[in-house]
Amino acid sequence: MNSCVFCRIVAGELPTQKVWEDEEIVAFKDVNPSAPVHVLVVPKRHIDKLTEATSQDRDLLGGLQLAAAVVAQKMGIADGFRLMLNNGASAGQVVWHLHYHVQGGWKGGVK
Ligand code: 5GP
Ligand code: ZN
């Protein structure tokens, strides 16, 4: 069994609140949100972290950013959101499957 939590979500083995997906990418709500709107944008193929990506992942990485913009539209935060990626433990990465955080929805701006 795959022990990667995001691979298990992609495989449908763990429940999640899916927001958007295409063939290569899925977006779902963060289980422990740190913003009023907090969605994770995740490649369906496992990549540990950004520094493990190669030039062959160029389209996928661009696709993740475009997906983040679509997610922001869908969640009603397109006028103001943050796109964040933690690469490595010292930066706070705890799930070792590359993902972007889309965060927004603060009333009156970022606190
Ligand atoms: P990181 O710190 O690795 O950049 O972010 C990992 C994020 O994944 C955290 O914000 C955490 O709340 C979220 N997360 C961890 N496990 C799960 C899960 O099983 N489901 C969902 N939806 N989010 C998760
Ligand atoms: Zn994975």
**Request:** Just grab the label-to-label distance for HIS46 and VAL95, each label 7 Å out from Cα along the Cβ direction, in nm (one decimal).
**Result:** 1.5
**Request:** Please give, to one decimal in nm, the separation of the simple spin-label points placed at ASN87 and TRP106, each 7 Å out from Cα toward the Cβ.
**Result:** 2.4
**Item:** Surrounding net charge for THR54, when Lys and Arg each add one and Asp and Glu each subtract one, Cβ distance under 15 Å
**Value:** -1
**Request:** Report, to the nearest 10°, how far helix 58-74 tilts away from the longest principal axis of the Cα atoms in the chain, using its own Cα long axis and a range of 0 to 90°.
**Result:** 30
**Message:** Please list, by residue number, everything in segment 88-110 whose backbone N is under 15 Å from a paramagnetic label point 7 Å out along Cα→Cβ of SER3.
**Reply:** 95-97
**Prompt:** How big is the C-alpha Rg of the chain next to the rule-of-thumb value 2.2 N^0.38 Å, as a ratio?
**Reply:** 1.03
**Asked** Taking a threshold of 23 Å on the Cα-Cα distance, which of the pairs LYS44/LYS107; LYS18/LYS44; LYS18/LYS74 fall above it?
**Response** LYS44/LYS107
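A short reminder: the numbers here are calculations on the coordinates, not readings from a lab. These numbers were taken from a predicted model, which means no experiment stands behind them. Cβ: placed from backbone, ideal geometry, glycine included. Neighbour counts: every protein chain shown.
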